[in-house]
Amino acid sequence: MPDLEAQIAYLRERMSAAARRADAEMQERRMRRPPPQGLSLAVPGREVGTPAGVHYESVSVMEGSRRHGNFEISRLAALPPDLLAGITEGEAPAAPPETWVFLDTETTGLAGGSGTCAFLIGLGRVTADGFEIRQFFMRDFCEEASQLHAVREALAEAQVLVTYNGKSFDIPLLETRYRMSRARPPFGSIPHLDLLFGARRIWRLRLDSCRLTELETQILGHERDDDIPGELIPKAYFDFVRTGRAGKMGPVFLHNALDIVSLACLTAVVASVFRDGGRAELRHAAEFVAMGRWLRQAGRLGEARELFREAVRRNLREDLLFRTLWDLAAIERKLHAPDAAVSIYADLASCPNAHRRDAMIELAKHYEHRERNLPMALAFTEEARALADDADLRRRRERLLARAGQNGAPRLEF
């Protein structure tokens with residue numbers, strides 16, 4: 001036992017020595033780094049000191065009277081405290097929007113991993129004046145500990161954390177950086193809403209991409225001017241660290257700020273859809289289908305039926321139309337509306353589509369078991385066999401022939 005304790009003490013001393021060397025090297029690097037040229041001009045802000053060192057912060061406010069595309073910023077302050085309950089299935093507490101924090105990062109790489117840093121961390125909050133964006137920037141890698149310390153303090157009062165793809169990227173990355181800085185990550189105690197999953201549910205059938213910038217354009221109606229592409233942001237930061245010239249950092253800060261504003265506005269839209277079943281915010285037929293599927297999966301069949309019916313009444317593209325009719329017929333049956341289901345199955349059976357054969361089989365079942373109309377049941381069975389025969393249909397045909405006491409049945413003409 002004494003030998004083991006001695007080995008542990010030795011390892012602890014080596015780890016402490018390595019940490020002291022690393023801190024000294026980072027401090028020396030910070031002293032050697034050329035002073036940033038024009039950072040406060042490119043990005044208005046100030047140097048902030050913490051117990052862990054110093055970093056740079058910029059604070060901006062978007063007034064409530066302004067609009068982000070078609071969304072008025074003042075709507076954020078009026079959001080109900082229980083708005084996020086539906087989209088989080090009750091995990092988010094009923095909390096006023098002023099206690100929600102919207103987080104987005106800009107990083108030194110898009111692949112993640114222990115070598116990737118979040119050099120810019122932006123936090124957005126609803127305030128009495130509008131929407132505040134506070135951005136925490138490490139001018140060099142030696143400022144990371146201070147940056148992370150300030151972010152942890154800023155999150156201390158947060159009731160809900162909202163990100164976009166944060167569960168897969170931002171939060172795991174930041175947790176790694178906190179641990180590598182020998183600090184406890186602050187995210188474990190804050191309910192986390194990753195808006196990407198809700199956005200995909202609503203818009204994946206309508207849009208080719210559910211990237212945040214795509215939704216910003218298609219849903220919020222905001223077009224960015226001269227936005228720096230995300231894949232160029234790491235290079236812009238490395239150039240700044242190497243040269244101290246801050247000219248490229250202004251567009252990076254603006255890119256991050258716009259992401260956070262769009263995240264907040266989209267949170268209001270997406271969460272409202274999940275809260276009231278969709279009618280207030282949905283506009284396109286494919287959106288009604290997507291939310292109808294979610295409601296059906298959640299067991300809210302009556303609401304799903306209404307959204308499917310609305311989608312069918314709209315200009316729904318053909319592939320979605322047939323699938324939606326099929327799903328709607330299944331709901332009608334579960335809600336004890338067999339006549340409505342039969343009408344839909346008849347429509348599906350009358351024209352070429354992926355559900356035609358299955359609709360014929362459902363009609364055969366209906367006429368055999370509910371209508372007791374064996375000739376019609378046999379006719380639909382034969383039509384289904386003509387499209388694709390199998391053992392189940394052959395057994396159905398034999399049973400119907402035996403019950404009807406005949407050798408065939410008239411074919412239906414469609």
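Quick notes on this one:
- Flag for Ala354 being buried (at least 18 other Cβ atoms within 10 Å of the Cβ), touching a residue at least 12 places away in the same chain (Cβ under 8 Å) and either touching a helix residue (DSSP H, G or I) at 6+ places or on another chain (Cβ under 8 Å) or part of a helix (DSSP H, G or I) (or both): no
- Residue in the range 124-135 that is assigned to a helix (DSSP H, G or I) and of a type in the set (A, V, I, L, M, F, W, C) present: no
- Boolean, Val151 is touching a helix residue (DSSP H, G or I) at 6+ places or on another chain (Cβ under 9 Å), β-branched (Val, Ile, Thr) and either without any contact (Cβ under 8 Å) to a residue 40 or more places away in the chain or outside the structural domain of Gly221 (by TED's automatic domain parsing) (or both): yes
- When restricted to residues that are in contact with a Ser or Thr (Cβ under 9 Å, 6 or more places away or on another chain) and over 26 Å from Phe141 (Cβ atoms), the range 160-197 contains 8.
Residues are listed down the side, and each one gets a yes or a no for (1) under 22 Å from Leu266 (Cβ atoms); (2) surrounded by fewer than 17 Cβ atoms within 10 Å (Cβ to Cβ); (3) touching a strand residue (DSSP E or B) at 6+ places or on another chain (Cβ under 9 Å):
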position: Arg200; (1), (2), (3): yes, yes, no
position: Arg204; (1), (2), (3): yes, yes, no
position: Leu207; (1), (2), (3): yes, no, no
position: Leu215; (1), (2), (3): yes, no, no
position: Leu220; (1), (2), (3): yes, no, yes
position: Glu223; (1), (2), (3): yes, yes, no
position: Ile233; (1), (2), (3): yes, no, yes
position: Gly244; (1), (2), (3): no, yes, yes
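- Residues in the range 186-219 that are touching a residue at least 24 places away in the same chain (Cβ under 8 Å) and not in a helix (DSSP H, G or I): Pro186, Phe187, Ile190, Pro191, His192, Leu193, Asp194, Arg204, Leu205, Arg206, Ile219.
- Selection from the range 327-351 of residues that are outside any helix (DSSP H, G or I) and more than 32 Å from the chain's Cα centre (by Cα): His336, Ala337, Ser350, Cys351
- On the stretch given as the range 220-257, residues that are within 20 Å of Thr116 (Cα to Cα), of a type in the set (Asp, Glu) and free of Cβ contacts under 8 Å to residues at least 40 places away in the same chain total 1.
- Counting only helices (runs of 4 or more DSSP H) that fall entirely inside the range 1-88 and contain at least 1 residues that are at pLDDT 80 or above and not assigned by TED's automatic domain parsing to the domain that holds Asn256, the qualifying elements are 2-32.
The rows are residues; the columns are (1) closer than 21 Å to Phe380 by Cα; (2) outside the structural domain of Thr381 (by TED's automatic domain parsing); (3) in contact (Cβ under 8 Å) with a residue 12 or more places away in the chain.
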position: Glu310; (1), (2), (3): no, no, yes
position: Phe322; (1), (2), (3): yes, no, yes
position: Leu328; (1), (2), (3): yes, no, yes
position: His336; (1), (2), (3): no, no, no
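- For Arg296, the requirement of being farther than 30 Å from Thr108 by Cβ and part of a helix (DSSP H, G or I) is met.
- Taking (1) more than 26 Å from Leu220 (Cβ to Cβ); (2) within 18 Å of the chain's Cα centre (by Cα); (3) small (Gly, Ala, Ser) in turn, Gly299 satisfies each apart from (2).
- Residue match in the range 393-414 (condition: at pLDDT 95 or above and acidic (Asp, Glu)): no
- Residue in the range 91-101 that is closer than 18 Å to Ser168 by Cβ, in a strand (DSSP E or B) and touching a helix residue (DSSP H, G or I) at 6+ places or on another chain (Cβ under 9 Å) present: no
- If only residues of the range 313-326 that are touching a helix residue (DSSP H, G or I) at 6+ places or on another chain (Cβ under 6 Å) and part of a helix (DSSP H, G or I) are counted, the one that is nearest to Gly292 (Cα to Cα) is Thr324.
The values are calculated or read from the model by the stated rules, or taken from the named source; none is laboratory data. All figures in this text were calculated on a predicted structure; none of them were measured in a lab. Glycine also receives a Cβ, built like all others from the backbone with ideal geometry; neighbour counts cover every protein chain displayed.
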